[in-house]
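Student: Quick one: this structure, given as structure tokens, is what I'll be asking you about.
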Amino acid sequence: MNRYQLAERARYIELNNLKVVCGYQDACMATFGGLNYLDFRGKQFYRQAEAELFATIEPLAEYVPELPFVLGFTGVQHASSAVHKPIRERWMEGEAAVVKGYERMTEIARMGKKALLLSDWPALGRLMNENHAIQRDLGGSGKPNERLIRAALDAGAMGAKLAGAGDGGTIIALWPWPETARLERALEQAGASAIYRPQVVPGVT
């Protein structure tokens with residue numbers, strides 16, 4: 001299988017065999033590696049594998065020499081489907097706030113790509129904060145996440161948001177400076193059990 005097929009197979013198994021309500025991005029990133037802008041327009045959640053369209057995966061790593069992010073793990077493990085499923089059901093029912101929120105987050109992703117490629121950190125920070133505010137207001141965050149996000153922003157991070165489903169897991173802070181001690185202290189004091197500086201790495205090998 002090529003990588004597009006492999007990513008689709010992994011996601012199909014997770015959804016249909018393991019019964020985890022999941023999106024496409026985890027399988028795509030784990031398979032392709034690197035730093036990518038992902039576009040899933042035209043894909044359908046429960047379409048049969050033979051009819052499913054492939055994602056558009058645009059590599060960006062050569063344009064972003066340093067990732068300006070720090071991740072903080074809340075220490076709370078969770079099943080992402082417990083967060084994704086209720087919001088997805090509200091989307092399918094056409095709840096106006098959910099539809100409007102996710103349409104706006106689509107715009108934010110496109111603008112975020114531009115801000116990242118231009119190293120426009122104030123703009124990227126504002127977009128990250130807006131993205132998180134939408135997700136939080138829809139019920140997709142959680143107390144452990146909010147605690148770390150507030151600590152990161154108070155420490156001087158230019159933006160901070162969920163880095164996963166919410167209700168635990170990881171947050172991501174925009175920190176475009178080499179010295180991270182102040183941020184790490186703030187995250188640890190807020191309860192982070194692990195802190196990471198993400199790096200661009202290969203995918204499946």
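The values are calculated or read from the model by the stated rules, or taken from the named source; none is laboratory data. Keep in mind it's a predicted model, so treat the numbers as computed, not measured. So basically every Cβ, Gly included, is an ideal-geometry build from the backbone, and we count neighbours across all protein chains shown. The accessibility values were calculated without ligands, DNA or RNA, using every heavy atom of the protein model including side chains. Shrake-Rupley method; radii C 1.70, N 1.55, O 1.52, S 1.80 Å.
Student: Counting residues that are closer than 28 Å to GLY142 by Cβ, open to solvent by less than 70 Å² (accessible area, probe 1.4 Å) and touching a helix residue (DSSP H, G or I) at 6+ places or on another chain (Cβ under 8 Å), which strands (runs of 3 or more DSSP E) fully inside the range 34-128 reach at least 3?
Tutor: Result: 36-39.
Student: Can you confirm whether THR180 is among the β-branched types (Val, Ile, Thr), more than 27 Å from VAL21 (Cβ to Cβ) and loosely packed, with under 13 Cβ neighbours inside 10 Å?
Tutor: When the stated conditions are applied, THR180 does not pass them.
Student: Scan the range 92-115 and report the pairs whose first residue is more than 15 Å from ASP39 (Cβ to Cβ) and whose second residue is open to solvent by 70 Å² or more (accessible area, probe 1.4 Å), with Cβ atoms within less than 7 Å and a gap of 6+ or a chain change.
Tutor: VAL98/TRP91; VAL99/TRP91
Student: Additional query: Could you check, for the range 26-36, whether at least one of its residues is within 17 Å of GLY203 (Cβ to Cβ) and of a type in the set (Ser, Thr, Tyr)? Break it down into steps so the answer makes sense when it comes.
Tutor: First pass over the range 26-36, keeping only residues within 17 Å of GLY203 (Cβ to Cβ): 26-36.
The next check asks that each one be of a type in the set (Ser, Thr, Tyr); those that pass are 31.
Yes, the conditions are met somewhere in the range 26-36.
Student: Looking at (1) open to solvent by less than 50 Å² (accessible area, probe 1.4 Å); (2) at pLDDT 85 or above; (3) assigned to a helix (DSSP H, G or I), which one does ILE13 not meet, given that it meets all the others?
Tutor: (1)
Student: Turning to a different aspect of this structure: Filter the range 154-205 for residues that are in a loop (DSSP other than H, G, I, E, B), polar (S, T, N, Q) and touching a residue at least 40 places away in the same chain (Cβ under 8 Å) and give the result.
Tutor: Within the range 154-205, THR180, SER193, GLN199 qualify.
Student: Now, a different point. Is at least one residue of the range 149-164 at pLDDT below 95 and small (Gly, Ala, Ser)?
Tutor: Yes, there is a match, as at least one residue in the range 149-164 is at pLDDT below 95 and small (Gly, Ala, Ser).
Table: residues versus (1) over 24 Å from ILE172 (Cβ atoms); (2) at pLDDT below 80.
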{"residue": "PHE40", "(1), (2)": "no, no"}
{"residue": "GLU50", "(1), (2)": "yes, no"}
{"residue": "VAL64", "(1), (2)": "no, no"}
{"residue": "GLY72", "(1), (2)": "no, no"}
{"residue": "SER80", "(1), (2)": "no, yes"}
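Student: Determine the pairs where a residue that is at positive phi, located within the range 24-45, has a partner that is of a type outside the set (D, E, K, R) with Cβ atoms under 6 Å apart, the partner being 6 or more residues away or on another chain.
Tutor: The qualifying pairs are GLY33/VAL201; GLY33/PRO202; GLY33/GLY203; GLY34/PRO59; GLY34/ALA61; GLY34/VAL200; GLY42/LEU53.
Student: Could you tell me which numbered condition GLY191 fails, if it satisfies all but one of (1) over 28 Å from TYR102 (Cα atoms); (2) open to solvent by 60 Å² or more (accessible area, probe 1.4 Å); (3) not basic (Lys, Arg)?
Tutor: Here GLY191 meets the rest and fails (2).
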